[in-house]
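Undergrad: What follows is a single structure, and I will ask about it in a moment.
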Amino acid sequence: MDFIAILSIFVLACFVGYYVVWSVTPALHTPLMAVTNAISSVIIVGALIASAAAGSIGGKWLGLLAVVLASINIFGGFAVTQRMLAMYKKKERPAAK
Amino acid sequence: MPHAVNPWVAFAYLVAGVCFILALRGLSSPTTSQRGNRFGMIGMGIAVLTTLVTHVPTITVLVEGYDYAALLSAIDTVAVFEIVAAIAIGAAIGLTTARRIAMTAMPQLVAAFHSLVGLAAVLVAAAAYLNPVAFGIALPVLTPDGAVALINPVSRIEMGLGVAIGAITFSGSVIAFLKLNGNMGGAPILLPARHVINLGVLAAIVVLVAYFTLDQSPWVFWTITALSFAIGFLLIVPIGGADMPVVVSMLNSYSGWAAAAMGFTLHNSAMIITGALVGSSGAILSYIMCRAMNRSFVSVIAGGFGAEAGGGGASAAKTDRPWKRGSAEDAAFLMSQAEQVIIVPGYGMAVAQAQHVLREMADKLKAEGVRVKYAIHPVAGRMPGHMNVLLAEANVPYDEVFELEDINSEFAQTDVAFVIGANDVTNPAAKTDKTSPIYGMPVLDVEKAKTVLFVKRSMGGVGYAGVDNDVFYRDNTMMLLADAKKMVEEIVKALD
């Protein structure tokens, strides 16, 4: 892909992000931060490439360390988001009392 | 030569990117949010698997047979094991943390997670710098000194920006974590001439990133890294505790831009889409937080709020004004007689961990036929949506919880406003007093309720902004001076 194609994806994604995030309800702003945190760890893609590549021992170990850090974030981020979202409940039926 | 990308691989990353968009889209309502989160997980699964399958570590082995010898490429099982182990270690740490963390500690956890993204970005950028050929961003060039991998100039800018933003995210988030976790005082720490130092360091980083395109020597790369770590630290240290919602959102945004910069380096659409989403998400949250405090982003980042205010003859005189003190029994009586009670929680509720007993109190009141609602100010707490999560944890139904603009007109028809652990966000000076540091900030009109019950630890302390709150001295206000949790427990007892 040439630079301008990538730039196009980036600019369009910024607009998508803008509209999608404004539609997030304020009550879910904390889960929003937790989940954006988890997905920004997609940087693990770079870490995996570095750890799989031959040619630089230093690069490989930096990559592996980055894989550990990004994995903490991915698993921790999605799990904690899940835990939070499961707590949001509607009013129970008034029949209770 | 770089990036002879298999279209199916590119397509897989695109699908992952779309999954991430759907993950955020799901958060538009609590009912669709869990499905959204699953989309996020699917997207991440696709991205990771695609990378694993297309980047299998290989080694060249010499195979010697009876009458032949050949160099063959084989899967490097040791390297595969190392990668799987790294993922497993991360998964174990991440899942345990996510399961054990207390909901009140969520701001710290988010800050800690941001720091990890930042550090991972730095490490990936460093790995790409050390081994650019593996990332397809360099051409081996023969020079008199031997073969040198010459990194593409555009990639150098992307890499330089990636490492700089990543490092700022890391050190900034570490400071935010220490402040939120209480390891470091929440008060702003002001260095002399800090604006000059900060601008100087930032300018140096920009110049070095530009210079990096001309000279790819290690000192340039590592100096950019070191300066960026320093500026992250310098930027966050002077910012006080209650401005943390803006800081946390801003760092959230930075972690996204760091991922996007690395996505440019790797020509990876999943990373670019994610980076753009996260970057704009954090930016929008910062904007919402700033608007809720009526402060400009620049003034928050410049830091030191509250340090310059304070003092002033007016605030000293105010402490002598008469105020009324109430007991738990008074509060219980007033609320049980009310038709509608609006509860206004703030950071103090989180500190006292009073959300569970607060819900108990609300249940008792509801049993007596009182309508109970919760009013949340956007900057209540230490991160966006902090109060909502705590109330959800205490099993408060989310349809009883309202945002400022949806409930503010109701205070006038409300019998009791119950303020617990909030202060500045209820201060009417923001509406009337042009000299007040919080003038113009949207506030909850608690004073319009028939009675205001104000739970506060003591009369001495002022809110973060360092300004006195007129609500304390009003005729319709009753101060309940005690620890938030203890006071609510006593009210619950008195309601029996």
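The values are calculated or read from the model by the stated rules, or taken from the named source; none is laboratory data. It should be emphasised that the depicted structure is a prediction, and the values quoted were computed from it without experimental measurement. All Cβ positions, even for glycine, are placed from backbone atoms using ideal geometry, and neighbour counts span all protein chains on display. For the accessible areas, the whole protein counts, side chains as well, though only heavy atoms, and no ligand, DNA or RNA atoms are used. Shrake-Rupley method; radii C 1.70, N 1.55, O 1.52, S 1.80 Å.
Undergrad: Go through region B:28-44 and give me each residue that's in a helix (DSSP H, G or I) and open to solvent by 30 Å² or more (accessible area, probe 1.4 Å).
TA: If the condition is that a residue be in a helix (DSSP H, G or I) and open to solvent by 30 Å² or more (accessible area, probe 1.4 Å), then B:Thr31, B:Thr32, B:Gln34, B:Arg35, B:Arg38, B:Phe39, B:Met41, B:Ile42 are the ones that fit.
Undergrad: Mind checking which residues of region B:384-404 are free of Cβ contacts under 8 Å to residues at least 24 places away in the same chain and open to solvent by 30 Å² or more (accessible area, probe 1.4 Å)?
TA: Once the filter is applied, which keeps residues that are free of Cβ contacts under 8 Å to residues at least 24 places away in the same chain and open to solvent by 30 Å² or more (accessible area, probe 1.4 Å), region B:384-404 yields only B:Asp399.
Undergrad: Right, here's the next one. Being aliphatic (A, V, I, L, M) and touching a strand residue (DSSP E or B) at 6+ places or on another chain (Cβ under 8 Å) narrows it down to one residue among B:Ala92, B:Ala85, B:Ala112, B:Ala147; which is it?
TA: After applying the criteria, what remains is B:Ala147.
Undergrad: On to the next question. Of all helices (runs of 4 or more DSSP H) completely enclosed by chain A, which ones contain at least 1 residues that are more than 7 Å from chain B (Cβ to nearest Cβ) and farther than 19 Å from B:Val9 by Cβ?
TA: In chain A, A:3-22, A:57-87 are the helices (runs of 4 or more DSSP H) which contain 1 or more residues that are more than 7 Å from chain B (Cβ to nearest Cβ) and farther than 19 Å from B:Val9 by Cβ.
Undergrad: Can you name the residue in region B:139-158 that is within 11 Å of chain A (Cβ to nearest Cβ) and open to solvent by less than 20 Å² (accessible area, probe 1.4 Å) and is also nearest to A:Ala34 (Cα to Cα) among such residues?
TA: Selected residue: B:Glu158.
Undergrad: What number of residues within region B:25-39 satisfy the criterion of being within 8 Å of chain A (Cβ to nearest Cβ) and basic (Lys, Arg)?
TA: Residues that pass the stated criteria total 1.
Undergrad: Considering each residue of region B:216-231, count those that are touching a residue at least 24 places away in the same chain (Cβ under 8 Å) and either assigned to a loop (DSSP other than H, G, I, E, B) or within 15 Å of the chain's Cα centre (by Cα) (or both), and give that number.
TA: Adding up the residues that qualify gives 1.
Undergrad: Shifting gears a bit: Is there any pair linking a residue in region B:98-113 that is more than 7 Å from chain A (Cβ to nearest Cβ) to one that is open to solvent by 30 Å² or more (accessible area, probe 1.4 Å) and part of a helix (DSSP H, G or I), with Cβ under 6 Å and at least six apart or on different chains, and which?
TA: B:Met103/B:Glu393; B:Gln108/B:Phe177; B:Ala111/B:Phe177; B:Ala112/B:Phe177
Undergrad: Shifting gears a bit: Every residue in region B:10-20 that is at the interface with chain A (Cβ under 9 Å from one of its Cβ atoms) and surrounded by fewer than 23 Cβ atoms within 10 Å (Cβ to Cβ), please.
TA: B:Ala10, B:Leu14
Undergrad: Considering region B:183-210 alone, what residues qualify as being modelled with pLDDT under 75 and open to solvent by 40 Å² or more (accessible area, probe 1.4 Å)?
TA: Of everything in region B:183-210, those that are modelled with pLDDT under 75 and open to solvent by 40 Å² or more (accessible area, probe 1.4 Å) turn out to be B:Gly185, B:Ala187, B:Ile189, B:Leu190, B:Leu191.
Undergrad: Restricting to region B:48-83, give me the number of residues that are of a type in the set (S, T, N, Q) and assigned to a helix (DSSP H, G or I).
TA: Adding up the residues that qualify gives 4.
Undergrad: Could you list, in sequence order, the residues of region B:393-424 that are within 14 Å of chain A (Cβ to nearest Cβ), among the hydrophobic types (A, V, I, L, M, F, W, C) and in contact with a helix residue (DSSP H, G or I) (Cβ under 9 Å, 6 or more places away or on another chain)?
TA: B:Ala394, B:Val396, B:Val401, B:Phe402, B:Leu404
Undergrad: Hey, another quick one. Can you find a residue that is surrounded by fewer than 20 Cβ atoms within 10 Å (Cβ to Cβ), modelled with pLDDT under 90, under 16 Å from the mean Cα position of the chain (by Cα) and assigned by TED's automatic domain parsing to the domain that holds B:Ile168 anywhere in region B:291-300?
TA: Taking every residue of region B:291-300 in turn, at least one turns out to be surrounded by fewer than 20 Cβ atoms within 10 Å (Cβ to Cβ), modelled with pLDDT under 90, under 16 Å from the mean Cα position of the chain (by Cα) and assigned by TED's automatic domain parsing to the domain that holds B:Ile168.
Undergrad: Here is a further query. Among the numbered criteria (1) at negative phi; (2) open to solvent by 40 Å² or more (accessible area, probe 1.4 Å); (3) among the aliphatic types (A, V, I, L, M), which single criterion is violated by B:Ala167?
TA: For B:Ala167, the failing item is (2).
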